[in-house]
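> Starting off with a structure, shown below.
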Amino acid sequence: MKDHLHLNEQLCFPVYVFAKEIINQYRPLLDELELTYPQYLVMLVLWEKDKQTVNQLGEKLKLDSGTLTPLLKRMEQKEFVSRVRSTIDERSVNISLTEKGKSLREQAQAIPQKMVASMGISIEDLENLKNIIHKITNTRK
């Protein structure tokens, strides 16, 4: 009889190890841009659509404002984004890319291809994995 409490029987463990490995592979690529992985995710969202509220970013990235606010402050210090309190609702803070943040996009263009190459599996396998993850987490648009 299988013991379902063995580490090798757990789905969560290889997912955890995989997540750590992916972030470790991103690190040297992002160090060149002076970004952490969570900051890179913020930039991806802003490169898609500039000027969003902290709440909008939090919804898209599945992060609460307590996590996002210090991260955005550090990004503002690096002059990648600007944070401006809304004049309509002072509880709301608008996040926009600076010129430096916009220009970083060009430097980041090669990151996805470098990540795919570093994994050593086919694009089809990666797409299948991503689709399965979206199915489980229900994060597909």
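Just so it is clear, none of the values below were taken in a lab; they were calculated from the coordinates. This one's a predicted model, so the numbers in the text were calculated from it and none came from an experiment. Cβ sites come from the backbone with ideal geometry, for glycine too, and all protein chains shown count toward neighbours.
> Compute the angle between helix 65-77 and the longest alpha-carbon principal axis of the chain, please, reported from 0 to 90 degrees and rounded to the nearest 10.
Rounded to the nearest ten degrees, it is 60.
> What is the order of M75, M115, M43, fewest Cβ neighbours within 10 Å to most? Walk me through the numbers before you get to the answer.
On the way: M75 25, M115 14, M43 22.
Lowest count first: M115, M43, M75.
> Quick check for you: which residues of region 75-94 have the amide N under 16 Å from the point 7 Å beyond the Cα of N55 toward its beta carbon?
Within reach of a label on N55, which here means backbone N under 16 Å from a point 7 Å along Cα→Cβ, region 75-94 contributes 84-94.
> A follow-up question, please. With the cut-off at 20 Å, report for region 37-104 the share of all Cα pairs above it, as a whole percent.
Working: 375 of 2278 pairs.
Every Cα pair in region 37-104 considered, those over 20 Å come to 16 percent.
> Another question, then. Go through K49/K130; K73/K114; K51/K130; K51/K135; K49/K102; K20/K102 and tell me which ones have a Cα-Cα distance over 19 Å in this structure. Before the final figure, lay out the partial values.
Details: K49/K130 22 Å; K73/K114 29 Å; K51/K130 27 Å; K51/K135 29 Å; K49/K102 11 Å; K20/K102 28 Å.
Exceeds cut-off: K49/K130; K73/K114; K51/K130; K51/K135; K20/K102.
> Using the alpha-carbon atoms, what tilt in degrees (0 to 90, nearest 10) does helix 37-48 show relative to the longest principal axis of the chain?
The two axes meet at around 60 degrees.
> Here's another thing I want to ask about it. Between N131 and K73, how many nm apart are label points set 7 Å from Cα along the C-beta direction?
4.4 nm
> Please report, to two decimal places, log10 I(q)/I(0) for the chain at q = 0.12 Å⁻¹ as given by the Debye formula with identical point scatterers on the Cα atoms and no solvent.
Cα-only, vacuum Debye calculation for the chain: -0.61.
> Could you work out how far apart the two model spin labels at E48 and A117 are, taking each label as a point 7 Å from the Cα in the direction of the beta carbon, and quote it in nm?
It is 2.6 nm.
> Something else about it: Among the GluC sites (Glu not before Pro) within region 1-106, which fall in a DSSP loop and have no more than 14 other Cβ atoms within 10 Å of their own Cβ? Before the final figure, lay out the partial values.
Working: sites: E9, E21, E32, E34, E48, E59, E76, E79, E90, E99, E106; in loops: E32, E34, E79, E90.
Hits after loop and neighbour filter: E32, E34, E79, E90.
> Would you look at the GNM of the chain, springs on alpha carbons closer than 10 Å, and say which of L29, L126, L72 moves the most?
L126
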